[in-house]
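Below is one structure, written out as structure tokens, with a few remarks after it.
Readers should treat all values here as calculations from the given coordinates under stated rules, not as data from a laboratory. Everything numeric in this text was worked out from a predicted model, so none of it was measured. Neighbour counts are summed over all protein chains in view; Cβ atoms, including those assigned to glycine, are modelled from backbone coordinates with ideal geometry.
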Amino acid sequence: MKIYTRTGDDGTTSLAGGKRVLKSSLRVEAYGSVDELIAWIGLLRDCNVNKNRDELLIFIQDQLMRIAATLATEAGDKRMEALLPDPGSVSVLEDEIDRMGAKLPEQTHFILPGGHINVSYCHIARCVCRRVERAVLRLKNDEDIPEIITKFLNRLSDYLYILSRTITLELDIQEIKWPF
């Protein structure tokens, strides 16, 4: 099978089910941004400091693939329900946030991202996740988007923030507080 089809040369792409849409559509923007986030989570997984988190990061990538597939499926397609993230996926993130957060010092200021490349990767992934969430919410203004998708994305950005602080602690790096 060839990787190129030439069918997208006119600025359109196919949704699951065959419907052609503009590549600039909100739907394509949303699932394309999810694809970018999946790649960032893969980069986080490749960081040595995250080897003990490999299973959870793969789980997150799987949930994001489900989100992308759902968003790439035509509204009303019966296959969409089977593609949705696991019903307990938000709880998985919340449990891990609580577990990591219990070990962190209380936060009294905003924190400037950085201090180590792995911490910075977490913050970039968090920012991309927030952008994905905004893209999905724009799409939700016009189309019915399952609530599990927006909940998962919102909680994932929280997880990535707490992960960045956890890595900072594990690597014994001082957080730089923004004083205002």
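Remarks
- For the stretch 62-123, the set of trypsin sites (Lys or Arg not before Pro) satisfying both a DSSP loop assignment and a count of at most 11 other C-beta atoms within 10 Å is given as 78, 103.
- The alpha carbon centroids of the stretch 16-49 and the stretch 115-180 are separated by 15 Å.
- Pair residue 110, residue 12: separation of 7 Å Cα→Cβ label points (nm): 4.5 nm
- Of the GluC sites (Glu not before Pro) found in the stretch 1-107, those that fall in a DSSP loop while having at most 16 other beta-carbon atoms within 10 Å are 74, 106.
- Cβ-based net charge around residue 151, under 13 Å, with every Lys or Arg adding one and every Asp or Glu removing one: -3
- Take every Cα pair under 8 Å whose residues are at least 6 apart in sequence, average their separation, divide by the length of the chain, and the relative contact order is 26 percent.
- Estimated purely from DSSP H runs of n ≥ 4, each contributing -39500 (n - 2.57), the mean residue ellipticity at 222 nm for the chain is -19500 deg cm²/dmol once divided by its residues.
- Equivalent ellipsoid semi-axes - Cα gyration tensor, the stretch 101-180, angstrom: 29, 12, 11
- Label zone at residue 75, where the point sits 7 Å out along the Cα-to-Cβ direction: the stretch 136-171 residues whose backbone N lies under 20 Å: 136-151
- For the chain, fraction of C-alpha pairs farther apart than 19 Å, in %: 60 percent
- Under the span-like rule (Cα at least 27 Å along the axis, Kyte-Doolittle mean at least -0.5), DSSP H helices of the chain: 26-46, 117-140, 147-170
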